[in-house]
Amino acid sequence: MAPGKNITLKSSDGEEFAIEETVAMESQTIRHMIEDDCAESSIPVPNVTAKILSKVIEYCKKHVEFAATKPTDEELKSWDTEFIKVDLNTLYDLILAANYLNVKGLLDLTCETVANMIKGKNPEEIRKRFNIKNDFTPEEEADIRRENQWAFE
Amino acid sequence: MAESTEFPPQSAPCINDVLTDDELCTILSKLRAQEEKDSFGLVCKRWLQIESASRRRIHCRAGPDMLRRLAGRFSGLTEIYLSQSPSRSFYPGVTDADLGVIASAFRQLRILDLANCKGISDNGMITVGHHLPSIEYLDVSNCKKLTDKGLTAISSECKNLKNLDVSGCKLITDTLLHALSQNCLQLEELSLSSCTKITDSGICALSDGPKHIKTLDLSKCTNIGDTCIVKIVNSSRESLVCLKLLDCSKIGDATIFALSENCPNLENLVIGGCREITDLSLQALANTCSESLRCLRMDWCVKITDFGLISIISKCKNLIALDIGSCDKVTDATFRELANIEFMSKLRVLRASNVSFTVNGVHIISEFCREIEYIDVRSCPNVSRFVYDTADIRFPLSCRVNFGGVLSLHDALIDMYF
């Protein structure tokens, strides 16, 4: 792979990150900007802080590397699993960043992680885990359960 | 996957304050089991709305109240299955009023299954047609009250109709076929089984319209003859995959020759009860459809002899189901052909009641049809249970050999293969 030029990304709190073009293009959002010739010397990423942006860049760098080295499914999964061991706040921010920057692999990984926290739990357990207030009345909840019994996929 | 670090609940943010609906929707899409999605929907009102809006398909047996609730909750449905069981149905079942609720709630509906909903009438169909122009698949089989009036309304509004099942709607006439011919050019699958008022004129008109018919079921439409089927076959040609003409006794060689000239992709053919068909056309068919033919039902084709059947059995390499019941001129010679060419047939189902072969024929079948699952030899004059047992024939262990009874397995197999 020929060495591409460098792209600079600027986080919402002003920090700049110089990365290879191939790494930057893991983000479909940035890819479109580059292809449409809108990319100037430094691309601002206003929604994403430096802390999160550096994590996203870490993910993109590693996955560009993986495309070349072609690791086993296990090695890939193992790296992803370690990478995503972050606190809940960071996890949410990564989801937002991955969605905004359109990095499909990272969005899938982060959302799967949250989905796995939901699986196997009843609604009250899910609420506790994510700090959600129950805004159903007991009657409303009973109605929904009844509807679920009558309507299936 | 291991859970990420547990965080004390008080300092953790509420997920709803951080993520937008877009991200929550993506998280929901990672849940597969209905149970998990149901739990998701019960967490809070916002999650319920996201879950409900994401649902595309629903099966329900619901009275009018429940249907209204479901219409309110699941705004994005494109497929609704309301079919009732043919024998027991809760009274009054789906009504025209229910169809009104559905028509106003689900504007992007593509699939509507109302099989056996005997309570609905033309008014319900008119409402559906008027509000749901995107319908592509409509099953109103056995909705006995329906007439041309309701169904022509559907055809004139639902131009994208691909799949229509009106079997058992005995009041339907050629009028509907004229309407379909003018309006529903995307039509691919049509079932008019038991619509006994249909005649040649209607089917001829139909052939002027949609040109890519894949499946046509005219079983028990006893008035139709070769002329109209030949026309349809000439118009749909390689599109035709399945043709059912059960008990259409006027059908003869002309139809089968037309199939052999036009339809190299024919997989499923039902000509049971078409007594006029002879060996000559069957041989032609075997040549053209040697790769494609999988299921052939030709019980009561009483003119057929070993001559015609040998072509089928030896040329149609992918044949998995064959019904030659009451073709009483058929003898061991047909199956001896398998041994002659040493061809291991893929046959899974063989219905051969009242056929003239002997236990030698059955023996050959057991040797050359190693995938056979069911063989029906009821009323075969030369094959009785006793003769079979003493002949020590070894079918695969899972194969059922039917000498004289057990109808339920029988019916299930008919539906599956023919």
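The values are calculated or read from the model by the stated rules, or taken from the named source; none is laboratory data. Being a predicted model, the structure only gives us computed values, none of them experimental. Every residue, glycine as well, gets a Cβ built from its backbone with ideal geometry; the counts of neighbours run over all protein chains shown. For the accessible areas, the whole protein counts, side chains as well, though only heavy atoms, and no ligand, DNA or RNA atoms are used. Shrake-Rupley method; radii C 1.70, N 1.55, O 1.52, S 1.80 Å.
Has region B:37-50 got any residue that is hydroxyl-bearing (S, T, Y) and either in contact with a strand residue (DSSP E or B) (Cβ under 6 Å, 6 or more places away or on another chain) or in contact (Cβ under 8 Å) with a residue 24 or more places away in the chain (or both)? Walk me through how you get there before you give the answer.
Taking region B:37-50 as the starting set, the residues that turn out to be hydroxyl-bearing (S, T, Y) are B:39.
Now restrict to residues that are either in contact with a strand residue (DSSP E or B) (Cβ under 6 Å, 6 or more places away or on another chain) or in contact (Cβ under 8 Å) with a residue 24 or more places away in the chain (or both): none.
Checked region B:37-50: no residue is hydroxyl-bearing (S, T, Y) and either in contact with a strand residue (DSSP E or B) (Cβ under 6 Å, 6 or more places away or on another chain) or in contact (Cβ under 8 Å) with a residue 24 or more places away in the chain (or both).
Here are some conditions: (1) without any contact (Cβ under 8 Å) to a residue 40 or more places away in the chain; (2) touching a helix residue (DSSP H, G or I) at 6+ places or on another chain (Cβ under 7 Å). A:E139 meets all but one. Which one does it not meet?
A:E139 satisfies all of (1) without any contact (Cβ under 8 Å) to a residue 40 or more places away in the chain; (2) touching a helix residue (DSSP H, G or I) at 6+ places or on another chain (Cβ under 7 Å) except (2).
Condition (residue is of a type outside the set (D, E, K, R), in contact with a helix residue (DSSP H, G or I) (Cβ under 9 Å, 6 or more places away or on another chain), within 13 Å of another protein chain (Cβ to nearest Cβ) and over 18 Å from B:S156 (Cβ atoms)) applied to region B:79-100: is it met by at least one residue?
So far as region B:79-100 goes, yes, one or more of its residues are of a type outside the set (D, E, K, R), in contact with a helix residue (DSSP H, G or I) (Cβ under 9 Å, 6 or more places away or on another chain), within 13 Å of another protein chain (Cβ to nearest Cβ) and over 18 Å from B:S156 (Cβ atoms).
Give the residue, chosen from B:I277, B:I251, B:I271, that is within 20 Å of the chain's Cα centre (by Cα), within 20 Å of B:D328 (Cα to Cα) and of a type in the set (A, V, I, L, M, F, W, C).
B:I271
Which pairs turn up if I take residues in region B:10-25 that are more than 7 Å from chain A (Cβ to nearest Cβ) and look for partners that are modelled with pLDDT under 95 and in a loop (DSSP other than H, G, I, E, B) with beta carbon separation below 9 Å, at least 6 apart in sequence or on another chain?
Matching pairs, first to second residue: B:Q10/A:N131; B:D17/A:N131.
Within region B:26-51, which residues are at the interface with chain A (Cβ under 8 Å from one of its Cβ atoms), among the charged types (D, E, K, R) and farther than 19 Å from A:E141 by Cβ?
The one that is at the interface with chain A (Cβ under 8 Å from one of its Cβ atoms), among the charged types (D, E, K, R) and farther than 19 Å from A:E141 by Cβ: B:K30.
What strands (runs of 3 or more DSSP E), lying completely within region B:297-390, carry at least 1 residues that are over 20 Å from B:L282 (Cβ atoms)? It would help to see each step written out before you state the result.
Numbers: elements: B:321-323, B:349-351, B:374-376.
Ranges flagged: B:374-376.
Tally up the residues in region B:124-136 that are over 14 Å from B:F106 (Cβ atoms) and within 23 Å of the chain's Cα centre (by Cα), please.
1
Across region B:55-90, which residue is most open to solvent (accessible area, probe 1.4 Å) among those that are touching a Phe, Trp or Tyr at 6+ places or on another chain (Cβ under 6 Å) and over 13 Å from A:E153 (Cβ atoms)? Full working, then the answer.
Quick first cut of region B:55-90, residues touching a Phe, Trp or Tyr at 6+ places or on another chain (Cβ under 6 Å) only: B:55, B:59-60, B:62, B:66, B:77.
If we keep only those that are over 13 Å from A:E153 (Cβ atoms) too, we end up with B:62, B:66.
On the way: B:A62: 6, B:M66: 29 Å².
Taking the candidates together, the pick is B:M66.
Which number in (1) in a helix (DSSP H, G or I); (2) touching a Phe, Trp or Tyr at 6+ places or on another chain (Cβ under 7 Å); (3) within 28 Å of B:C143 (Cα to Cα) marks the one condition that B:S281 misses?
For B:S281, the failing item is (3).
Looking only at region A:26-50, which residues are open to solvent by 40 Å² or more (accessible area, probe 1.4 Å) and within 21 Å of A:A68 (Cα to Cα)?
Once the filter is applied, which keeps residues that are open to solvent by 40 Å² or more (accessible area, probe 1.4 Å) and within 21 Å of A:A68 (Cα to Cα), region A:26-50 yields A:E26, A:Q28, A:R31.
Taking the conditions exactly as written (out of contact with any strand residue (DSSP E or B) (no Cβ under 7 Å at 6 or more places or on another chain) and in a helix (DSSP H, G or I)), does B:R69 satisfy them or not? Even if it seems obvious, please write down each step before you answer.
On the way: out of contact with any strand residue (DSSP E or B) (no Cβ under 7 Å at 6 or more places or on another chain): yes; in a helix (DSSP H, G or I): yes.
So B:R69 fits the description; yes.
Would you check which residues across region B:305-358 are among the polar types (S, T, N, Q), under 29 Å from the mean Cα position of the chain (by Cα) and crowded, with 17+ Cβ neighbours inside 10 Å and list them? Let's see the steps before the verdict.
The initial filter retains those residues of region B:305-358 that are among the polar types (S, T, N, Q), namely B:305, B:311, B:314, B:318, B:326, B:331, B:334, B:340, B:345, B:353-354, B:356, B:358.
In the following step, the residues that additionally are under 29 Å from the mean Cα position of the chain (by Cα) were identified as B:311, B:314, B:318, B:326, B:345, B:353-354.
Answer for region B:305-358, where residues must be among the polar types (S, T, N, Q), under 29 Å from the mean Cα position of the chain (by Cα) and crowded, with 17+ Cβ neighbours inside 10 Å: B:S311, B:S314, B:S326, B:S345, B:S353, B:N354.
For region A:50-62, state whether one or more residues are in a strand (DSSP E or B) and in contact with a helix residue (DSSP H, G or I) (Cβ under 6 Å, 6 or more places away or on another chain).
No, every residue in region A:50-62 fails to be in a strand (DSSP E or B) and in contact with a helix residue (DSSP H, G or I) (Cβ under 6 Å, 6 or more places away or on another chain).
Could you tell me whether any residue of region B:166-184 is farther than 24 Å from B:K145 by Cβ and among the β-branched types (V, I, T)?
no
Of all residues in region A:86-98, count the ones that are open to solvent by 20 Å² or more (accessible area, probe 1.4 Å) and at pLDDT below 95. Can you show your working first?
Of all residues in region A:86-98, those open to solvent by 20 Å² or more (accessible area, probe 1.4 Å) come to A:87, A:89, A:93, A:96.
With at pLDDT below 95 added as a condition, the list becomes A:87, A:89.
Residues flagged as open to solvent by 20 Å² or more (accessible area, probe 1.4 Å) and at pLDDT below 95 within region A:86-98 amount to 2.
When you check A:E35 against the structure, is it away from chain B (no Cβ under 11 Å), farther than 23 Å from B:N16 by Cα and touching a Leu at 6+ places or on another chain (Cβ under 9 Å), yes or no?
Working: away from chain B (no Cβ under 11 Å): yes; farther than 23 Å from B:N16 by Cα: yes; touching a Leu at 6+ places or on another chain (Cβ under 9 Å): no.
No; evaluated as a whole, the condition is false for this residue.
Looking at B:N265, B:N234, B:N287, which is the one that is assigned to a loop (DSSP other than H, G, I, E, B), out of contact with any Leu (no Cβ under 6 Å at 6 or more places or on another chain), at pLDDT 95 or above and not charged (D, E, K, R)?
On the way: B:N234 fails: assigned to a loop (DSSP other than H, G, I, E, B); B:N287 fails: assigned to a loop (DSSP other than H, G, I, E, B).
None of the other options fit; the residue is B:N265.
Out of region B:62-78, which residues are at the interface with chain A (Cβ under 7 Å from one of its Cβ atoms) and closer than 23 Å to B:N142 by Cα?
B:A62
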